[in-house]
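J.: Could you have a look at this structure, given as structure tokens, before my questions?
The values are calculated or read from the model by the stated rules, or taken from the named source; none is laboratory data. Bear in mind that the values here come from a model prediction, so they are computed numbers and not experimental data. Neighbour counts are summed over all protein chains in view; Cβ atoms, including those assigned to glycine, are modelled from backbone coordinates with ideal geometry.
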Amino acid sequence: MKYPTILSFSTTLLALFFLMTINGNLNSNTTDSGEIILFDFGTLENMDDWLIVNDGVMGGLSRSRFILSDRNTAVFSGNVTLENNGGFASIRTKAMQFQLEGFKGIMIRVKGDGKKYQFRLRTNDRFDGVAYRYHFETEKNQWQTVAIPFDECLPVFRGRILRDVGPISPKDIQQLGILVSDEQTGEFQLEIQWIRSYQ
């Protein structure tokens, strides 16, 4: 008569463990403050989601690379030149569903070189077209947390601000990126610890 009770108890424990495991996985990217970790750069897995897009697509000669460091960070570095009508280097994610409805913006933890960078968002999977940009300044060799409010991101196309395009819709965001341009020629380096969304 005791066996059903023991079996029932064991089954209940297994069910509880299973539920705790599922909940743990679902919330593993959520911080105590309700932020969602979109990227941390402790593993190579996250690096596979990023692409390099430099001015070579327009004939330019700028170069860049995006590598994982031994400090659990990613480093975006290279050289920007205006030769051959060039002038920019960038990285961006592959198109994916970030599911950012209800969030107010994105935060990034970076250590820069004193140059100005653009954080860029796209709401489709296209290579070219409208992007939403946010400029941020860096302090040389200083870690900074930069907040990027969605409502301050301006729609642009090839450097021109677009006046007839509405504000960005967070739920439609499919690509994130970082770009260096604005005739800031020479070597650059931006180290990134993490990227998060905030409410």
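J.: Name the pairs: first residue in the stretch 51-67 and farther than 19 Å from T93 by Cβ, second residue among the acidic types (D, E), Cβ to Cβ under 8 Å, at least 6 apart or on different chains?
T.: Listed by first residue and then by second, the contacts come to G60/E83; L61/D55; L61/E83; S62/D55.
J.: Inspect all residues belonging to the stretch 70-88 and state whether any of them is outside any loop (DSSP other than H, G, I, E, B) and of a type in the set (K, R).
T.: Kept after step one, since they are outside any loop (DSSP other than H, G, I, E, B), are these residues of the stretch 70-88: 74-80, 83-85.
Next, from what is left, pick out any that are of a type in the set (K, R): none.
No - not one qualifying residue is present in the stretch 70-88.
J.: Restricting attention to the stretch 122-141, does a residue exist that is in contact with a Phe, Trp or Tyr (Cβ under 6 Å, 6 or more places away or on another chain), closer than 29 Å to R71 by Cα and of a type outside the set (F, W, Y)?
T.: Looking for residues that are in contact with a Phe, Trp or Tyr (Cβ under 6 Å, 6 or more places away or on another chain), closer than 29 Å to R71 by Cα and of a type outside the set (F, W, Y), one finds none in the stretch 122-141, hence no.
J.: Check I22, I36, I91 and return the single one that is over 17 Å from G177 (Cβ atoms) and either within 18 Å of the chain's Cα centre (by Cα) or modelled with pLDDT of 50 or more (or both).
T.: When all the criteria are applied, what remains is I36.
J.: To continue, here is another question. Test each condition in (1) at pLDDT below 95; (2) under 19 Å from L176 (Cβ atoms) for D70 and report the one that comes out false.
T.: (2)
J.: Scan the stretch 61-69 and give yes if some residue there is crowded, with 18+ Cβ neighbours inside 10 Å and part of a loop (DSSP other than H, G, I, E, B), otherwise no. If you could, list the steps in order and put the result at the bottom.
T.: Step one: of the stretch 61-69, the residues crowded, with 18+ Cβ neighbours inside 10 Å are 62, 64, 66.
Filter once more, keeping what is part of a loop (DSSP other than H, G, I, E, B): 62.
Yes: one or more hits.
J.: Sticking with this one: Could you go through the stretch 42-52 and let me know if any residue there is in a strand (DSSP E or B), closer than 25 Å to I173 by Cβ and touching a helix residue (DSSP H, G or I) at 6+ places or on another chain (Cβ under 7 Å). Can you show your working first?
T.: Initial filter on the stretch 42-52 (in a strand (DSSP E or B)): 50-52.
Right, trim to closer than 25 Å to I173 by Cβ and you get 50-52.
Of the ones still in play, those that are also touching a helix residue (DSSP H, G or I) at 6+ places or on another chain (Cβ under 7 Å) are none.
Looking for residues that are in a strand (DSSP E or B), closer than 25 Å to I173 by Cβ and touching a helix residue (DSSP H, G or I) at 6+ places or on another chain (Cβ under 7 Å), one finds none in the stretch 42-52, hence no.
J.: Same structure again: Only one residue in G56, G34 is surrounded by fewer than 18 Cβ atoms within 10 Å (Cβ to Cβ), on the phi < 0 side of the Ramachandran plot and not in a strand (DSSP E or B). Which one?
T.: None of the other options fit; the residue is G56.
J.: Moving to a separate point now. Name, by its number, the condition in (1) more than 22 Å from N54 (Cα to Cα); (2) modelled with pLDDT under 95 that does not hold for D128.
T.: (1)
J.: Please pick out the residue among G159, G114, G177 that is on the phi > 0 side of the Ramachandran plot and in contact (Cβ under 8 Å) with a residue 24 or more places away in the chain. Walk me through it before giving the result.
T.: Working: G159 fails: in contact (Cβ under 8 Å) with a residue 24 or more places away in the chain; G177 fails: on the phi > 0 side of the Ramachandran plot.
Just one listed residue meets the conditions, G114.
J.: Which one of V165, V156 is closer than 23 Å to G60 by Cα and among the aliphatic types (A, V, I, L, M)? If you could, list the steps in order and put the result at the bottom.
T.: On the way: V165 fails: closer than 23 Å to G60 by Cα.
Unique residue meeting the criteria: V156.
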